[in-house]
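These notes concern the structure reproduced below.
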Amino acid sequence: MHRLSAAIHGWLLLLPAMALLVLFTHWPAVATFIDSFYSTPRPRRPARFIGLDNYQTIMGDPVFWQSLWNNLLFALGTIPVSIALAILMALWVNDRIAGRTLVRMAYFTPTILPMIAVANIWLFFYTPQYGLLEQIAGALGLASHNWLGSPDTALLAVTIVAIWKEAGFFMIFYLAALQGISPSLAEAAALEGASRWTFFRRVQFPLLMPTTLFVLINAVINAFRTVDHIIVMTRGGPDNATMLLLYYIYQVGFQFWDTTYAASLTTVLLVLLALAAFAQYGFLERRIHYR
Amino acid sequence: MSTPERHDPYAPSGASRALESAAAWLLAILWVLPLAYALWAAFHPAEFTTRFALFAPLTLENFERAWAAAPFARYFLNTFVLVTLTLGCQLVLCTLAAYAFARYDFAGSNVAFALVLAQLMIMPDVLIVENYRTMGRIGMIDTIPAIALPYVASAFGIFLLRQTFKTVPQELDDAARVEGASPLQVLLKVYVPLARPIYVAYGLVSVSYHWNNFLWPLIVTNSVEARPLTVGLQVFSSGDQGIDWAIICAATLMTTAPLLVGFLLFQRQFVQSFMRAGIR
């Protein structure tokens, strides 16, 4: 009888949150999958089952492949650099350098600002002819370059914005982890005559691995779900050079209104996210030293 | 060994300390450069936007013109309502669910918890197409609650609070029940007060997330009455008044000012909150 009342209370407490989760997370995920096997309903032509047709279209869709490739490049460009910078920032702020509070604030500020707002500022930064970057290049006697307007540099330009936005956020986690490492480890390593670099490589870095795993998962998710800067700065252009997967989904779903094709693209994105999660847990879990 | 402040043998000293400080400062300056540039453009007349002169006259005119050019007051109100509504509902729902997971042993609780955690991977940010259809079916498109709803049952919040509630000693719970308190009273009188720092942390993270959120609000709203600041800013800066960078920078700073000022004032709490919210 006691167990029964515990179960009733437990489920009652859970009910409101669970209902909304099912309505706005689980059901949409399942519905996305189901919809991807149907054609998009048009006036006088209702949706009908078309099997794998949408996926066949995806296989032959050059914009999809470009967006996937761009997304991989964007992730590979953003993640290692922002993690390396985050570790460096954390080490610096953790040492007692002069004015560390101000320095920490400078690193962290981009995190709390809306991506859409900072993307506006960076757009200005990159503007051809009179943006700040152009002026610096001009002062140094370098040739003028349209950073966002040329397909060769547009993806790099938006990658830099993402690194700038994220590094300070990740720094926070490394800072917390560094402060959790016992000072006696440093004393012991110093007695053994280990250099600063050896101490970092053999002691600090391995102990930071759980943090790195956490940050890595966050970074991968962010690389696939942030498109605010794309909407503001390039709209996927020039010539699809900055087309990312989620932006393509947005374009197909809300500009071309091809909802079931957007649903199949979303399914692909969800599978990619799941694969990334499993791969990270699988590979990294074994190489992490938990305290 | 009695002093609490122990000597760190790897703390830089002398020349290497100076070098390290210089490098750290250089990066910091680089990091605030875009923001400093926006400040410059916003507070100077348009002819100085890209011309740097030490004694260029300061002006607030850009802010006045931006404020007059779009209904920013309404956008501010919408964003305020949005973040309050979101956070309020999140706190209630997440507290109840977290309490169930932390202290109730019932059939299916493990499966339910796994279903909650699934949201950490499959986020509302990605499910825009289906959620838009759902909002269409229940007739909520272009309303503020429609922006908030997909985010209200936050897996992150439930997880965070569950971890915290689990650290509350069971004896406190038992003692309160012996005194005749109902489960909800125990939750409100014992658990919630003890988890206060976590609530503050979660609140700051949630407010800054929803203040800044853009893609979903862009999709689900299409009128001034429902648009939050981020969408309003985008409509404004991609509008047809040409590219007047001084005004766009002013509008950008204006819309982020409350967060920025809040951050500068409560810097330590912000940093600690993001830390707390992330570690557990």
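Annotations for the structure displayed:
- Computed from the alpha carbon positions, the gyration tensor of the range A:1-130 leads to an equivalent ellipsoid with semi-axes of 42, 33, 16 Å, biggest first.
- Coupling constants for the range B:206-223 follow from the phi torsions by the Karplus curve (6.51 cos²θ - 1.76 cosθ + 1.60, θ = phi - 60°), and in residue order they are 5, 4, 5, 5, 7, 5, 8, 4, 9, 5, 4, x, 4, 6, 8, 10, 8, 9 Hz; glycine and proline get x.
- For A:Tyr38, the residues 5 or more places off, or on other chains, whose built amide H falls under 5 Å of its own are A:Ile50.
- C-alpha center-to-center spacing [the range A:197-249, the range A:1-65] in angstrom: 27 Å
- Mean separation of Cα contacts under 8 Å, 6 or more apart, over the residue count of chain A: relative contact order %: 27 percent
- The range B:200-237-the range B:247-264 distance, computed between alpha-carbon centres (Å): 14 Å
- Computed over neighbours whose Cβ is under 13 Å from that of B:Gln234, the net charge equals +1, Lys and Arg +1, Asp and Glu -1.
- Descending by average beta-carbon neighbour count within 10 Å, the peptides B:92-98, A:10-16, B:178-184, A:167-173 line up as A:167-173, B:92-98, A:10-16, B:178-184, the highest first.
- For chain A: rounded, prolate or oblate by the Cα gyration tensor [a/c cutoff 1.5]: oblate
- Rotationally averaged projected area of the range B:117-220 (alpha carbon convex hull; nm²): 8.2 nm²
- Among B:Gln267, B:Phe159, B:Ala257 the positive-end extreme of the charge dipole of chain B (Cβ point charges): B:Phe159
- Here the convex hull built on the C-alpha positions of the range A:1-49 has a volume of 110 cubic angstrom per residue.
- For B:Asn131, neighbours were defined as the other residues whose beta-carbon sits under 13 Å from its Cβ, and their charges (Lys and Arg +1, Asp and Glu -1) total -1.
- Convex hull volume per residue in cubic angstrom - Cα atoms of the protein assembly as shown: 199 Å³
- Point-charge dipole on Cβ atoms (K/R +1, D/E -1) for the range B:168-277, about Cα centre, debye to 20: 200 debye
- On the beta carbon distance between B:Ala107 and A:Trp27, with R0 = 30 Å, the FRET formula returns roughly 0.85.
- Here is how the number arises for chain A: DSSP H runs of 4 or more residues each give -39500 (n - 2.57), the sum is divided by the residue count, and the result at 222 nm is -22500 deg cm²/dmol.
- Using alpha-carbon coordinates, inclination of helix B:14-43 to the longest axis of chain B, degrees: 70 degrees
- Taking B:Ala146, B:Ala24, B:Ala176 in turn, the Gaussian network model of chain B (Cα-Cα springs below 10 Å) assigns the largest fluctuation to B:Ala24.
- Three semi-axes of the equivalent ellipsoid, the range A:125-259, Cα gyration tensor, whole Å, largest first: 40, 23, 10
- Computed from backbone phi with θ = phi - 60° and the Karplus coefficients 6.51, -1.76 and 1.60, the 3J(HN,Hα) list for the range B:187-194 is 4, 6, 8, 10, 6, 4, x, 6 Hz; x is used for glycine and proline.
- Over the C-alpha trace of the range B:66-279, radius of gyration and Dmax come out as 20.1, 70 angstrom.
Values in this text are rule-based calculations from the coordinates and carry no lab data. Quantities reported herein were computed from a predicted structural model and do not represent experimental measurements. Don't worry about glycine lacking a Cβ; one is built from the backbone with ideal geometry, like all the others, and counts go over all protein chains shown.
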